[in-house]
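Trainee: Below is the structure I would like to discuss, written out as structure tokens.
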């Protein structure tokens, strides 16, 4: 049997995310965002991180506000409900944060190239756009077969991808469902993978549905059991998006003083996160209506 990869989230972050790492986060777009891992990065005072992802919602803003990031390679950073991410904006305006602008497609192509082990992916996207002005990893060239202008999107190979899933076994084999975004590409492109999971399941549960395995366990460095680890983003089958949390965060990040108070309460207090949320709030977010998939038969 392989060795168990089950660690606490704090130990996984301490071991596999040293200062200066490039970290892929929020790879499933607006769901399954690993917010608990982001809070742990802040709690451990990680520094000079490069944050990689398509749409991370307020996660990148929080990590930037915590002083952890020096660069962002992303399609968007902010607050999906309210717009601007104040910590991100302050860092850009002060010159303390380098930004490499992407579209959702170019970040996907970059991670796909990294996953395939090739130096770049060719695409027609971004031609004629302003992305070339801020992104040196995009180059226009002539297709050797047609002579048409195409974009070369340089590969991105993160040091670590942090992925939240519905369930995983202790050996790193993980099930995720819903919109996966670029999760599979990010996992294959990264040197290390940290899985945070709502549930730790027996290996036979995971192996019973192999097509739902988001990445094979032998590629995973650590697994952490983190219920509510994606809150306030939704986890299909577990809980809904907490819209109020995003509205509250706009107020709680508007100034440096407000963000410091937010961090003191939600990150540095060391309090149990579900306890901070409270039973009533968690009950209001729990899934009320089940929408089960049809049973799949792998019989032979």
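The numbers here are math on the coordinates, done by the rules we state, and not lab data. A quick note: this is a predicted structure, and the numbers were derived from the prediction, not measured. Quick reminder, even Gly has a Cβ in these numbers, built from the backbone with ideal geometry, and neighbours come from all protein chains shown.
Trainee: For region 171-298, calculate the relative contact order in percent as a whole number, restricting contacts to Cα pairs under 8 Å that are 6 or more residues apart.
Mentor: 24 percent
Trainee: Now a separate question. Under 1.5 on a/c is rounded, so check that first for region 93-140, then, if it is not, pick prolate when a/b is larger than b/c and oblate when it is not; a ≥ b ≥ c are the square roots of the alpha carbon gyration tensor eigenvalues.
Mentor: oblate
Trainee: Can you give me the three principal axis dimensions of region 145-270 from its C-alpha atoms, in Å, biggest first?
Mentor: 54, 50, 25
Trainee: Can you put 57, 268, 242 in order, fewest other beta carbons within 10 Å first?
Mentor: Final ranking by Cβ density, sparse to dense: 268, 242, 57.
Trainee: Further question on the same structure: Expressed as a whole number of Å, what is the distance separating the alpha-carbon centroids of region 247-300 and region 192-229?
Mentor: A separation of 20 Å, based on Cα centres.
Trainee: In percent, how large is the relative contact order of region 60-181, given Cα pairs closer than 8 Å and 6 or more residues apart?
Mentor: 19 percent
Trainee: So if R0 is 22 Å, what FRET efficiency would residue 260 and residue 280 give, r being the distance between their Cβ atoms, rounded to the nearest 0.05?
Mentor: About 0.20, to the nearest 0.05.
Trainee: Full extension from residue 118 to residue 244: what is 0.36 nm times the residue separation minus their Cα-Cα distance, to one decimal in nm?
Mentor: Result: 41.1 nm gained on full extension.
Trainee: By how many nm would the segment from residue 133 to residue 251 lengthen if fully extended, with 0.36 nm per residue of separation less the alpha-carbon distance?
Mentor: Answer, rounded to one decimal: 39.2 nm.
Trainee: Rounded if a/c is under 1.5, else prolate if a/b is larger than b/c, else oblate: which is the chain, with a ≥ b ≥ c the root eigenvalues of its Cα gyration tensor?
Mentor: oblate
Trainee: Sort the following peptides by mean Cβ neighbour count (other Cβ atoms within 10 Å, averaged over residues), highest first: 24-35, 81-92.
Mentor: Descending packing order for the listed peptides: 24-35, 81-92.
Trainee: Right, next: Once you have the Cα-Cα distance between residue 19 and residue 208, take 0.36 nm times their residue separation minus that, and quote the gain in nm to one decimal.
Mentor: Contour length minus Cα-Cα distance gives 64.2 nm.
Trainee: Then there's this: How high is the FRET efficiency from residue 44 to residue 81, r the C-beta distance, R0 30 Å, rounded to 0.05?
Mentor: 0.60
Trainee: Please find the FRET efficiency linking residue 293 to residue 272, where r is the Cβ-Cβ separation and R0 is fixed at 30 Å, and quote it to the nearest 0.05.
Mentor: 0.40
Trainee: Related question: Relative contact order of the chain: what whole-number percent is it, with Cα pairs under 8 angstrom and at least 6 residues apart?
Mentor: After rounding, I find 20 percent.
Trainee: Here's another thing I want to ask about it. Percent antiparallel among DSSP beta bridges with both residues in the chain, to the nearest 5?
Mentor: Antiparallel bridges: around 35 percent, rounded to the nearest 5.
Trainee: Pick out which of 197, 113, 264 has the largest mean-square fluctuation in a Gaussian network model of the chain, springs linking Cα atoms closer than 10 Å.
Mentor: 264
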